[in-house]
Each structure stands twice: as structure tokens, then as C-alpha cells.
Amino acid sequence: MLHTGTAKSQFLKFSAKLMPRSVLTSGVGSTSAGLTVTAVKDGSEWQLEAGALVLADGGLCCIDELGSIRSHDKASIHEAMEQQTISVAKAGMVCKLNTRCTVLAATNPRGCYDTNESLSVNTTLASPLLSRFDLVLVLLDQRNEEWDHLVSTFVLNKHKTTPTDDANGLQWSLERLQAYIIHTKTVNPVTTEPANQVLSRYYQVQRQTDCYGNTGRTTVRLLESLVRLSQAHARLMMRDEVTLQDAIVAVAIMECSMQGAALLGSIDALHSSFPVNADEEYATQEKLILDKLGLTLNSS
């Protein structure tokens, strides 16, 4: 969930461009048939036409302005996000279609964002739908002098007559990023005991704390989300096993999306930057998270 002017549409467009199989759609005017499947009569016969979620099977479905979808149309994507399938019973045709895709959606808050209220109150999205997302990042456009200077410099540099260099070739091209992402999908990491202990303990802490505004998030789906995030980081690092580091990173990412986080406190996801020393930053996060969880584990 992002404030107006935080480049949510640009983020979705780049994500769709990055994936080899993707569908980008807008919630404005979208219906359940457009998102799932519709029955169309061709002559004397009926046929099914796939919607955005079905077309994105095996890839990424980006939905802009998710809050603009009508409430009864939002209910149609519940099964698609939970079961990865869509049950169809239209025009005498009964079948199931696969929707094994990642859903990346963006929406604006309803009016002025109130940090004392839950996500459901600040948006037009109900808790059952919010709980189906692994991460719900709240990006607020707050006044930050350092961030404003960074953004203005970046935008103005784009309008220079001579483009800036790419840091001596250290930046990857779009084609190389696409190839790497495709390669990481071939890895199927398995969890290890240290990772299981961290994820299990974090889930228990969140269930016991049940921070205000997170009652719809602290369900079994939270644990499933943690497993998927840790596996995704293991794939990104090209590992066959989900290590302690992968679990710690999954917890740290989840903390960014938890309103009133239980371990790391309030985290501004929008104004965060990449650390200068990634190993040192991770060591700090690992010690802090393990201490909060009351665990003593050795890094591999």
C-alpha cells in the first residue's frame, strides 16, 4: 500500500518487464471475469476465455489500483490466491484452471493514512484478502530531507544530455537479471533444523503478541509465508538448503510488513537503503532477532 506519488505503477511495470511471463492489469473497471475466466458464446457453442490470473499461470500477475475493484469481484480471487486454482461453472462447463502465479498488487490508502488503525480500515481490502498476501508493505510519503535529495538527484540525472555510466559495468542488465531469475526457479531448497526453529519461534511470538492491527495477519498463513520467503531467499542465493541466514532474512522482511512489529520496532520500508557492508548488517540483525526470540543458534 503506497501513498500517491511513490511510483507504485513504475514498480509494477518494471516487475512485469523483469519476469519472462507476466500480466499487468489495473483494478479500475476490472471484474471477476476479467481477473479469472469468462464464458463467451461463439456461434452455437460456448468457450472459456482466460483472465489475468489464468494467463499469468507460472509467472507474475501485477494488479494496479487493487482497491478500485468492487467488493464482490475481489472475492473471486480468494480461491486463486489460496488454492492456486479457479473453479469454473459457467454455461454448462465445469472445470478447474491453474493460477499458479505470484500476485503483486498496489493500492492507495483510503483518505489520510491513520497509523493507529488497521490495514483493513485504511484500505478497502478485507482481512481475508490481506492475509493471502505474503507481504503487505506500507510505504508512506513522509518528509525526509535526505530521501528528497536522493530522489530529486536521480530524476534530474535522467534528463541529462549525456547519460551517466553504470558504475564501471557493475550493474546487471535487464537481460542478465531475467536469465538469473529463470535459473533460480530451477532450485528447490529444503529447510534445515536451525531455520525451522527460527520460523517456528517467530510465528509463536507473533501469535502470542498479536499486535494491534495484525489480527488478520497472524494466522497459519503467516507461517506459510515465512516458509516461502525463506525458500525464495535460498533460491536467490542459489542454495539447496534453507539456512539460518535465509530464515533471519525472511523474518526481517516480514517485520517490515507487520504493523506494530513485535521484534524490530517501526521500520520505514520506503526510506530504507542498501547497507554499505551487507555482512555486518546481517550479523547485527541475526544477533538482534535471535536475542528477541530467545534462541541460541550458530551460523553455518
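The values are calculated or read from the model by the stated rules, or taken from the named source; none is laboratory data. Bear in mind that the values here come from a model prediction, so they are computed numbers and not experimental data. We work out accessible area using only protein heavy atoms, side chains counted, and drop any ligands, DNA or RNA first. Shrake-Rupley method; radii C 1.70, N 1.55, O 1.52, S 1.80 Å.
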Residues of type aspartates and glutamates that LYS292 reaches as a straight line, Cα spacing below 14 Å, ignoring anything fewer than 8 places off in the same chain: GLU255
Portion, in percent, of the accessible area of region 54-98 that falls on carbon or sulfur, probe 1.4 Å: 52
Hits among aspartates and glutamates - C-alpha to C-alpha of LYS74 under 16 Å, sequence gap 8 or more where chains match: ASP64, GLU65, GLU82
Percent of Cα pairs exceeding the 25 Å cut-off, where the set is region 1-136: 28
Crossing angle, helix 278-293 versus the chain [Cα axis fit, 0-90 degrees, rounded to tens]: 80
Calculated diffusion of the chain, Stokes-Einstein form, Kirkwood radius summed over Cα pairs, 4 °C and 1.567 mPa s, µm²/s: 61
The chain - accessible surface per residue (Å², probe 1.4 Å): 58
Tilt relative to the chain, helix 8-18 - C-alpha long axis, 0 to 90 degrees, to 10: 80
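Give me the number: length gained by fully extending ASN277 to LYS90, i.e. 0.36 nm times residue separation minus the C-alpha to C-alpha distance, one decimal in nm.
On the way: separation 187, 0.36 × 187 = 67.32 nm, distance 5.61 nm.
So the chain would gain 61.7 nm between ASN277 and LYS90.
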